[in-house]
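One structure below.
The values are calculated or read from the model by the stated rules, or taken from the named source; none is laboratory data. Keep in mind that this is a model prediction, so the values were computed, not measured. Backbone-built Cβ (ideal geometry, glycine too); neighbour counts: all protein chains shown. Heads up: the accessible areas ignore ligands, DNA and RNA and are worked out on the full protein's heavy atoms, side chains in. Shrake-Rupley method; radii C 1.70, N 1.55, O 1.52, S 1.80 Å.
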Amino acid sequence: SVKRDGRNGTAFYSRSMDEVARQRSALENDLRLATPRGELELYWQPQRLVADDTLIGFEALLRWHRPGRGDMPPEDFVPTAESSGAILPIGAWVLRTACTEAAKWPRPLRVSVNISVVQLQQKDFVEQIQAVLKDAGLPAARLELEIREGVLLSEQEDAILALKTVQGLGVRVALDDFGSGHAALGMLRSFSFDRLHIGRSVVKDMSRDAGSLAMMRAIMGLGRGLKMPVLAEGVESPDQLKALRLEGCELYQGYLGGRPEPVAAYRRLLQPAHSPAC
Ligand code: C2E
Ligand code: MG
Ligand code: MG
Ligand code: MG
């Protein structure tokens, strides 16, 4: 909130606007340099079957070790990276690193990569996916792209076409964070997702709030009707998992099934001989 009292008001106002603009351009500049400087890292979070906890894959989650500022969560920099265009080199790094890493795993688990709509708008998006899969030696069926619901995507025919083309290659496409943000029902008609991810806010309040439970059931109904398996995000407690099982939800992800960690933390889980702990 900006104070505008007396004669100093204007000066204070422009100084604070300068400060905001300065911080923003510093962030944009640091973001542009983050990839060449090697400040990015991927963390990995398990995705599991609700029925018996079987590990089916990992989601790659971006971490930025910003010099002098510690770790910055993606929510604090992805929007700026999207508006400044820095998301293109960053997203390309994420895709390449995630696929290269997954190709080395001793088990053929799936890798999920978050893709910004800005990346989808690139003319050569499909070619990039093909090149990365080929270079990494990763079968297309092991890659899943997670696309966040957005009001605009349903109107972007080129982006939808790109998604359909990569799907034709055998890559899976999931709708991420369904139910947490903008209504994406229109999108469900323009594109046939392989999976729906229910956002954490819906899952979190499911047991306490009738509205969230109703929403969860509606999404489950949509998933069944459209033949799209549903993954619940942000599952933290055994009670939540039990509720999901009762609702017929197929997949889950959350602290209960494993936190996002550097790949070294999951080395044992990646072994073929691994049998699930009791
Ligand atoms: P998302 O794709 O929905 O990822 C799940 C987020 O929920 C992650 O946050 C994860 O750490 C968090 N999470 C998982 N389980 C739990 C839980 O049980 N409880 C709680 N409270 N949180 C949980 P994170 O890593 O901070 O990422 C936030 C968002 O940033 C992601 O949401 C995704 O939309 C975006 N993001 C992350 N990596 C990338 C990337 O490489 N590219 C792009 N474009 N966006 C990314
Ligand atoms: Mg995601
Ligand atoms: Mg997801
Ligand atoms: Mg989410």
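Within the listed set Gln253, Gln45, Gln240, the residue fluctuating most in the Gaussian network model of the chain (springs between alpha-carbon atoms under 10 angstrom) is Gln240.
Note on Ala140 and Arg245: the model spin-label points, each 7 Å out from Cα along the C-beta direction, lie 3.7 nm apart.
For the pair Arg107 and Ser207, the difference between a 0.36 nm per residue extended length and the Cα-Cα distance amounts to 32.5 nm. Against the chain, whose longest principal axis is taken from its Cα atoms, helix 8-34 shows a tilt of about 40°. Candidate cross-link partners of Lys242 among the lysines, defined by an alpha-carbon separation under 17 Å and a same-chain spacing of 8 or more, comprise Lys204. When a 1.4 Å probe is rolled over the protein heavy atoms, the share of accessible surface on the chain that falls to carbon and sulfur comes to 53 percent.
The angle between the Cα long axis of helix 87-104 and the longest principal axis of the Cα atoms of the chain comes to about 30 degrees, rounded to the nearest 10.
Solvent-accessible surface of the stretch 128-278, averaged per residue with a 1.4 angstrom probe and all protein chains in place: 51 square angstrom. To the nearest 10, the accessible area of Ser180 is 60 Å² with a 1.4 Å probe. Compute the acute angle (0 to 90°) between the alpha-carbon long axis of helix 74-84 and the principal axis of greatest extent of the alpha-carbon atoms of the chain; round to the nearest 10°. Once rounded, the angle reads 60 degrees. Say we join alpha carbon atoms closer than 10 Å with springs in a Gaussian network model of the chain; which of Arg259, Arg32, Arg66 then has the biggest fluctuation? Per the Cα network of the chain with a 10 Å cutoff, Arg66 tops the list. Of the whole protein surface, Trp105 contributes about 20 Å² of accessible area at a 1.4 Å probe radius. Within straight-line reach of Lys104, meaning a Cα separation under 19 Å, sit the following lysines at least 8 residues removed in sequence or on another chain: Lys134.
When Ser25, Ser112 are compared by accessible surface with a 1.4 Å probe, the order from highest to lowest is Ser25, Ser112. For the stretch 189-278, applying the loop criterion from DSSP together with a ceiling of 13 other beta carbons within 10 Å to the chymotrypsin sites (Phe, Trp or Tyr not before Pro) yields no site. The label-point distance for Arg63 and Thr100, in a model that sets each label 7 Å from Cα toward Cβ, rounds to 1.9 nm.
Only Cα pairs under 8 Å and 6+ residues apart enter the sum, and on that basis the relative contact order of the stretch 191-245 stands at 46 percent.
Rounded to the nearest 500, the 222 nm mean residue ellipticity of the chain from helices alone is -13500 deg cm²/dmol, with -39,500 (n - 2.57) taken per DSSP H run of at least 4 residues.
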